[in-house]
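Have a look at the structure below, then the notes.
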Amino acid sequence: MSHDNITTNAPAPNQPAVLDWQNQQPYSAEYQDVYFSTENGLLETEYVFLQGNDLRQRWQQPDLQSFTIIETGFGTGLNFLCTLKLWLATAPPQAILHFISTEKHPLTLHDISCALTLWPELSNYNTELLAQYSCLLDGKCIALYNHRVRLSLLIGDATEQLTQAQHRADAWFLDGFSPAKNPDMWQPALFEQMARLSHPATTLATFTSAGFVRRGLTVAGFLVKKRTGFGKKREMICGQYAGAKNDS
Ligand SMILES: C[S@@+](CC[C@H](N)C(=O)[O-])C[C@H]1O[C@@H](n2cnc3c(N)ncnc32)[C@H](O)[C@@H]1O
């Protein structure tokens, strides 16, 4: 499937997101898409990204030292906060979570604060994030929960940012607006960067099951499988890096 003729109304890279609020939920004015499922964004994150990467089980190894997640599209930070909560509950205390997220249009502090009021069950975890959010926007890596968690935002287009990255991912959260609304992001060049930054135990999960995403990930070296989707979505994708043909 070619997207050569598809254009979006997206703002220039690195400009703050412009939100519409629909039924108190954030909605992207430019991409005309939701930030998370209107059925239940929090349960969607737990199902798609946490369970899709089998994180609870993988974090219960007593000798775990560190774990790196790379995400495309930080958005409201919901995925991050759900991950942080699970990490604190399941990972051994000496282990460090590195959460690295790319974001082309960061929310303003005001908008992210409003969006996160939707999740009272995460309010205990929001405080440290919001207190340091401006440092994140300045490109600084922030430490949370007594250095058990480190968070960095790579501000700009995901593919461009990952091309310069050297971090090795243990799991990918392939988020971003839907491939139909944001085709520019879901390109082979992104999947190639994901492969470059993966190792044989690296997993991925994404809410979409679009055929060209499945095929692109497969060509890049991921073993991809479909799984029942969240809510009204029939299917989603998860997978593991299988290695490029010329990997040693
Ligand atoms: C569906 S939202 C992500 C929701 C988010 N994970 C959360 O927990 O709220 C999609 C995000 O991807 C970002 N985005 C869109 N295109 C991008 C690109 N090419 N590179 C990086 N981020 C992008 C958008 O600005 C938006 O914040």
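Go through ASN79, THR102, GLN61 and say which Cα lies farthest out towards the positive end of the charge dipole of the chain; charges sit on Cβ, +1 for Lys and Arg, -1 for Asp and Glu.
GLN61
Quickly rank 222-232, 147-157 as a protection proxy: mean count of other C-beta atoms within 10 Å, highest first.
Packing order, densest peptide first, comes out as 147-157, 222-232.
Packing-wise, with mean Cβ within 10 Å as the measure, how do 170-183, 103-116, 69-82 rank, highest first?
Going by the mean number of other Cβ atoms within 10 Å, highest first, we get 69-82, 170-183, 103-116.
So what is the 222 nm mean residue ellipticity for the chain from helices alone, if each DSSP H run of at least 4 adds -39500 (n - 2.57) and you divide by all residues, rounding to the nearest 500 deg cm²/dmol?
Details: 9 runs with 69 residues, N = 248.
So the calculated ellipticity at 222 nm is -7500 deg cm²/dmol.
Would you mind working out the magnitude of the charge dipole of the stretch 42-241 relative to its Cα centre, with +1 at each Lys and Arg C-beta and -1 at each Asp and Glu C-beta, to the nearest 20 Debye?
Once rounded to the nearest 20, the dipole reads 600 debye.
Could you grab the relative contact order for the chain? Cα pairs under 8 Å, six or more apart, rounded to a whole percent.
20 percent
Just to be sure I understand the curve: with the Debye formula and one point per C-alpha of the stretch 101-168, what is log10 I(q)/I(0) at q = 0.14, 0.18, 0.20, 0.25 Å⁻¹?
-0.47, -0.76, -0.91, -1.19
Once you sort the root eigenvalues of the Cα gyration tensor of the stretch 42-241 as a ≥ b ≥ c, which label holds: rounded (a/c under 1.5), prolate (a/b larger than b/c) or oblate (the other case)?
Note, shape of the stretch 42-241 comes out rounded.
Roughly how far apart, in whole Å, are the Cα centres of the stretch 170-248 and the stretch 12-44?
The distance from the Cα centre of the stretch 170-248 to that of the stretch 12-44 comes to 22 Å.
Readers should treat all values here as calculations from the given coordinates under stated rules, not as data from a laboratory. Just so we're clear, the structure is a prediction, and the values are computed from it rather than from any experiment. Glycine also receives a Cβ, built like all others from the backbone with ideal geometry; neighbour counts cover every protein chain displayed.
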